[in-house]
Amino acid sequence: MRQDTIGGLTVRLTGGTDGHGGGHGPVVILLHGFGAPGDDLVPLWQYLDAPRGTRFVFPVGPLSLLMGFGESRAWWMLDLDRITKDREAGRPRDLSQEIPKGLAEAREKVLALLHDLDHRGGADPKKMVLGGFSQGAMLACDVALRSPRPLAGLVLLSGTLVSQREWEPLMPKRKGLRVLQSHGNQDPLLPFSQAERLRDLLTGAGMVVDWNSFRGGHEIPDAVLNRLSTFLRTVLAG
């Protein structure tokens, strides 16, 4: 693994022909969730059976959080007091009508990263998979819907529906895009029902969604990693 700055973001690169993101193989970009260390998702690449030479890119969110236990990063801030009160009151988190403050700025940073990967890393957009976990999944979905660049696939791990009034009209433009989506049916942070709503909207717009529900919470279980391996081999084949 090596660390670099690409598109203004700190990134960690692994895989490729040298174990450090080298070569000209396909590219998989995975965005971490809110409050996670910048290297939170890096170990996943060792468990993924992707095509030979696939390069993995793990960007670090631009915001540093003071959460009292090591490095914590985010793509945009959350109202933690509101989240706590909603959980205490038993109110499900329906974010579908909200446009997160800071989402637009985070989107521009990821677009700059993708542009830089094209030019510096020799990445073929048609051999690129964009995805993320939780807040990273929301951001990946937003970038995919708002950008005209080609993608081989989109990966949404324990994400949710936000910005529906802006996202929904954009979805038909991604007709045919392959999507892997997973969500735990006991997720205490982002309700399972909202993930189902997002799945139905994506499917209704013509995207090909590989839906993976599992018995569990806000996590990435082994069964999802196995499905993700199959997904990567499928969309990056050839």
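Listed values, structure above:
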| read-out | value |
| --- | --- |
| Approximate spin-label separation LYS175-ASP49, in nm, with each point projected 7 Å along Cα-to-Cβ | 3.5 nm |
| Nearest-20 debye value, the range 102-237 charge dipole, Cβ charges on Lys, Arg, Asp, Glu | 420 debye |
| Reciprocal of mean inverse Cα separation for the range 2-235 (Kirkwood radius, Å) | 17.7 Å |
| Alpha-carbon radius of gyration plus Dmax, which is the widest Cα pair, for the range 101-238 in Å | 14.3, 42 |
| Net length gained if the chain between ALA104 and ARG149 were fully extended (0.36 nm per residue, minus Cα distance) | 14.5 nm |
| Tally of Lys pairs whose C-alpha atoms are under 21 Å apart, taken over the chain, 8 or more apart or cross-chain | 8 |
| Range in the chain, longest, excluding exposed trypsin sites (Lys or Arg not before Pro) [loop by DSSP; at most 14 other beta-carbon atoms within 10 Å] | 102-174 |
| Net charge of neighbours whose Cβ lies under 14 Å from the Cβ of GLY204, counting Lys and Arg as +1 and Asp and Glu as -1 | +2 |
| For the range 2-235, size of Cβ-based charge dipole, Lys and Arg +1, Asp and Glu -1, in debye | 600 debye |
| Sequence of ILE29, ILE6 once ranked by neighbouring C-beta atoms within 10 Å, starting from the fewest | ILE6, ILE29 |
| Residues LEU41, LEU130, LEU63, sorted so that the one with the fewest Cβ neighbours within 10 Å comes first | LEU63, LEU41, LEU130 |
| Where labels lie 7 Å past Cα in the beta-carbon direction, separation of THR10 and LEU225 in nm | 2.5 nm |
| Percent RCO, i.e. relative contact order, over the chain, from Cα pairs under 8 Å lying at least 6 residues apart | 19 percent |
| Kirkwood Rh, Cα atoms: Rg over Rh of the range 160-203 | 0.99 |
| Positive-end residue, the chain charge dipole about Cα centroid, Cβ charges, pick of GLY121, PRO51, GLY176 | GLY176 |
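Quick note: the coordinates plus some simple rules give every number you see, no bench work behind them. Note that the coordinates shown come from a computational prediction; the quantities given were computed from them, not determined experimentally. Backbone-built Cβ (ideal geometry, glycine too); neighbour counts: all protein chains shown.
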